[in-house]
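The values are calculated or read from the model by the stated rules, or taken from the named source; none is laboratory data. Here the structure is a predicted model, which is why all the values come from computation and not from measurement. Cβ sites come from the backbone with ideal geometry, for glycine too, and all protein chains shown count toward neighbours. Heads up: the accessible areas ignore ligands, DNA and RNA and are worked out on the full protein's heavy atoms, side chains in. Shrake-Rupley method; radii C 1.70, N 1.55, O 1.52, S 1.80 Å.
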Amino acid sequence: MAARPGSQREVVPPGAVSAPAGAEATRTRWSAWAALILLIGGLSIGVVLALAGGPWQVLAVLHLGALAIWFLVWRRSWRDLLRSAGPRSPWLLFAVGAGLCALSAVARRPIDDPGAVLAPVTLTGLLSALASAVGVGVLMNAVPEELSLRRCLLEPLRAQFGDRFALWVTALAFVGIHLPTWISSGATASIYAAEVPEKLFFGLVAGWSVLRLDSLAFALGMHVGGNVVGVLLDSLSRQDTLTGWSRLTAPVVVATLIETTAAAGAVWYLSRKPGAGR
């Protein structure tokens, strides 16, 4: 998945224009190498801790490291962190990404967790499920992962090494972030065979959307939409009927390919200039 030709001319946010060219190049180089060290070192520590039965959750500090690179090393601002410079409204991009992955999560439910049974719904249970969906699915996972991987780390890597390098590194890192969870939960080979490609494809499409649309909104919407629905359905189900992760089956493979194709197609369509093709 390649970004549009010439897209690298837009890598440097407006806040960096006033910096001397030599100083800016040095900061970019240091930021890119710091991003690589953070990803390789942080993810390796997380995997080792998970294998040893240790507190692999400390991997969450990776997000703080990414913010430190963004603000202290690359010296970018909050405005640069949240910018959406493409021609499409970020709210539109977010809504389309969230809607696609929310619908996919609902459609995949009987495929990924065929034995899941909803528990009797009460007001207290519903409010608790909503709180989990927002707290765990959005605030603890989707938002920090997207800001870290698809903004704080992708952008300096992109500026220093190019679009394709940044895309693949951050997509593989997205897989790596989930490895400690799979390891600590005793995932089987079938689970790895289903989950690794799924996370890789998600990371590639999400990263490609940032490069293609010049906005984080679509990727964030994908992550938020899928996580909210997934956590909500898990919380509303009887826990003894949940099987956990996807397993490698023909329906899971087909569902993953359809989901990936639909999301990539939406990115391609939204990347066209408004009014094109009329």
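A few comments on the model shown:
- Solvent-accessible area per residue, Å², over the chain with all protein chains present [probe radius 1.4 Å]: 49
- Calculated on C-alpha atoms, the gyration radius of region 140-278 divided by its Kirkwood radius gives an Rg/Rh of 1.00.
- Percent of Cα-Cα distances greater than 13 Å, calculated over region 83-135: 74
- Overall Cα dimensions of region 21-106, principal axis frame, Å, largest first: 48, 43, 16
- In the chain, inverting the average of 1/r over every pair of distinct C-alpha atoms gives 19.6 Å as the Kirkwood radius.
- Of Pro90, Pro120, Pro197, the residue with the greatest mean-square motion in the GNM of the chain, using alpha carbon springs below 10 Å, is Pro120.
- Choice from Ala166, Ala189, Ala68 with maximal GNM fluctuation in the chain (Cα, 10 Å cutoff): Ala189
- Sites Ala131 and Gln57 - FRET efficiency at Förster radius 25 Å, r taken between beta-carbons, to 0.05: 0.80
- Only DSSP H runs of four or more residues enter the estimate; each adds -39500 (n - 2.57), and after division by the residues of the chain the mean residue ellipticity at 222 nm equals -21500 deg cm²/dmol.
- Taking the centroid of alpha carbons for each part, region 136-158 and region 215-253 are 18 Å apart.
- For region 101-173: Kirkwood Rh in Å [reciprocal of mean 1/r, alpha carbons]: 15.2
- Phi to ³J(HN,Hα) by Karplus 6.51 cos²θ - 1.76 cosθ + 1.60 over region 124-129, Hz, x for Gly, Pro: 4, x, 5, 5, 5, 5
- Our coupling estimate for region 210-222, obtained by passing each phi through the Karplus curve with A = 6.51, B = -1.76, C = 1.60 and θ = phi - 60°, is 5, 5, 6, 9, 6, 7, 8, 4, 5, 4, 5, x, 4 Hz, Gly and Pro reported as x.
- Distance (nanometres) between label positions extended 7 Å along Cα→Cβ at Ala21 and Arg79: 2.5
- With a Förster radius of 41 Å applied to the beta-carbon distance between Trp91 and Ala189, the computed FRET efficiency rounds to 0.50.
- Using the Karplus relation 6.51 cos²θ - 1.76 cosθ + 1.60 with θ = phi - 60°, the per-residue 3J(HN,Hα) values for region 156-170 come to x, 4, 5, 5, 8, 10, x, 4, 5, 4, 4, 4, 6, 5, 6 Hz, with x marking Gly and Pro.
- To put it simply, the accessible area of the chain at a 1.4 Å probe is 71 percent carbon and sulfur.
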